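For reference, the structure discussed in these notes is given below.
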Amino acid sequence: MSFNIEETRKLVFQYYTTAKEKSGIISKSFSERAEAISDVIPGYSANKMDFGDYLKDNFSPLFIDIRDSTHRAVNMDPKYTFISMHAFFPGVCNVIEQHGGYVIDFMGDGVMALFGGKMSKTSNYNSSQQAGLCGLHLLEVVNSVINPLLDKDKIWKFSCGVGVDHGPVVVTKIGTDNNFDVKAFGVCINNANKLSKAFNKVIVSKGVKNLWPSSEGGKLRFNPFGIGESTGYELLKPV
């Protein structure tokens, strides 16, 4: 699967420029009932599920976390937080989409995505590889596409970490009739979140490392890496 960074660069610039143009005329917001944010996982439609229904599947969850996001927000004009997020989130989403992942949650300081699952017809080892390679390209886009735009406008740049794991996930519909979503829960999701707490690194679990397809002359490396009580492996490109 090829990755087109120029496609991402064009999209980031478009959304970033639009946000800059509108930042001075932010007016009233509006609220309407919307479809579930995470209703993008093949085979898991919120409209076809009842509350309490659940389905179990294997996925490779990925988290990208903005490090020191609270400190960044507290020390920066809200206008610039608004503008910078309109570069960050579209860019991150585009990279995930290019790698065949599903964005299922937007947090205030990052994004969660899933790769694989039965309906994707992607094997466990391929979904883990897609997620890991996506993580490397996410950091590339943050550092070489998004941050240069922010730096040009003297806006605080992003520092991010990416975590990836693999395992069983429970997908369920939660909420009320007016406010609902499809959510995913699992130990691997919690672990991927913990592994995303390093600065400018992609950290994968031992399970992902073991699933990674080997090839003769493979150039990617895995170095042991600890984050608090969590242990994983830093995914490294060849020098």
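None of Phe180, Phe199, Phe225 is loosely packed, with under 12 Cβ neighbours inside 10 Å and hydrophobic (A, V, I, L, M, F, W, C) except Phe199. Number of residues in region 113-143 that are within 17 Å of the chain's Cα centre (by Cα) and polar (S, T, N, Q): the value is 5. Taking (1) in contact with a helix residue (DSSP H, G or I) (Cβ under 8 Å, 6 or more places away or on another chain); (2) surrounded by fewer than 22 Cβ atoms within 10 Å (Cβ to Cβ); (3) within 25 Å of Pro168 (Cβ to Cβ) in turn, Val111 satisfies each apart from (2). Going by the conditions given, is Leu139 crowded, with 17+ Cβ neighbours inside 10 Å, at pLDDT 95 or above and not β-branched (Val, Ile, Thr)? Taking the combined requirement at face value, the residue satisfies it.
Note on region 25-45: among residues that are out of contact with any Phe, Trp or Tyr (no Cβ under 6 Å at 6 or more places or on another chain) and modelled with pLDDT of 65 or more, the one that is farthest from His86 (Cα to Cα) is Gly43. Among the residues examined, Ile155 does not qualify as β-branched (Val, Ile, Thr) and closer than 20 Å to Gly101 by Cα. Taken together, the residues in region 59-90 that are outside any loop (DSSP other than H, G, I, E, B), charged (D, E, K, R) and surrounded by fewer than 17 Cβ atoms within 10 Å (Cβ to Cβ) amount to 1.
The values are calculated or read from the model by the stated rules, or taken from the named source; none is laboratory data. Since this is a predicted model, take the numbers as computed values, not measurements. Using ideal geometry, Cβ is built from the backbone for each residue, glycine included, and neighbour counts are taken over all protein chains shown.
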